[in-house]
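What follows is a set of notes on a single structure, which appears directly below.
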Amino acid sequence: MNLDLAVIGIVFAIILLIIFFSAVVLYLSFRIKETFRKETRRGATVAKVAFLIGILFLAGGLFYFFANTFTNINEPSPTTTPTPAPTITPTPSTSPTPTPSNTPVLTLSVSAPSQVGMNSELSITFSITNPTTFTANAVYLETSGLFSDFTLQSSTHDTTGSVINIGEVPSGVTFVSVELTAPDRAKTLTNIITLNFQEMVTSVTKSVTVSVRGN
């Protein structure tokens, strides 16, 4: 909008200047014609030619000035392309993920005889410790092949296949005991016991090794 108003103003000024310039030229031409009408000398002719050349130079200078003015107005102003900010890639943290403060942490220990006789009875006790003030939910023990190597007689908690279902484990120590009968052949048996619960980050495992000796 500002550029349009500037162009209109310049055009209007040029029109006024042309009218004024034409009036001056006509007036001077008339005066020179009257002055030198009766003059036939060479000086009068030279004066007329010099006047015409001066008028031409003056008109050319005026048109050159206005041409430069229009060129400067129409030229677009240079635009500066903003330099994009460098992208910073965050370095991944190698620190271990901290355990939430409201998550229970359980530990497992196993108590079992190292040796038993063939077909003899033995007891294995699992101690689950919860040192936090939060209750662990859906707790169970995966006994691997323990109940295949030894015959289960009784348990303080429900068993399903090779799993001992414990349920909730509050703060403190929870004991789980199973009564077993050793096989009728001498051999050394090793089983992996895995403790799982709903809020766990990683499972807890313990190994149990019992040697069955001959009579």
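Estimated at the nearest 10 Å², the accessible area of T190 is 80 Å² with a 1.4 Å probe.
In this view, the solvent-accessible surface of T209, computed with a 1.4 Å probe and all protein chains in place, comes to about 70 Å². Per residue, the convex hull spanned by the Cα atoms of segment 137-215 amounts to 97 cubic angstrom.
Using heavy-atom solvent-accessible surface (probe 1.4 Å) with all chains present, what is the largest-first order of V163, V201?
V201, V163
Net charge within 13 Å of I166 by Cβ-Cβ distance, Lys/Arg positive one each and Asp/Glu negative one each, not counting I166 itself? Every neighbour counted, the sum reads -3.
Computed 3J(HN,Hα) for segment 162-178, one whole-Hz value per residue from the Karplus formula 6.51 cos²θ - 1.76 cosθ + 1.60 where θ = phi - 60°, is 9, 10, 9, 7, 10, x, 8, 10, x, 4, x, 10, 10, 9, 10, 10, 10, glycine and proline marked x. Of the GluC sites (Glu not before Pro) found in segment 110-215, none is in coil by DSSP with at most 11 other Cβ atoms within 10 Å of its Cβ. Across segment 185-202, rounded Karplus estimates of 3J(HN,Hα) from the backbone phi angles (6.51 cos²θ - 1.76 cosθ + 1.60, θ = phi - 60°) give 10, 7, 5, 9, 10, 10, 10, 9, 9, 10, 9, 10, 7, 5, 8, 5, 8, 9 Hz, Gly and Pro being marked x.
The values are calculated or read from the model by the stated rules, or taken from the named source; none is laboratory data. Only a predicted model underlies this, so the values are computations on that prediction, with no experimental measurement involved. Note that each Cβ is placed from the backbone with ideal geometry, even for glycine, and that neighbours are counted across all protein chains shown. For the accessible areas, the whole protein counts, side chains as well, though only heavy atoms, and no ligand, DNA or RNA atoms are used. Shrake-Rupley method; radii C 1.70, N 1.55, O 1.52, S 1.80 Å.
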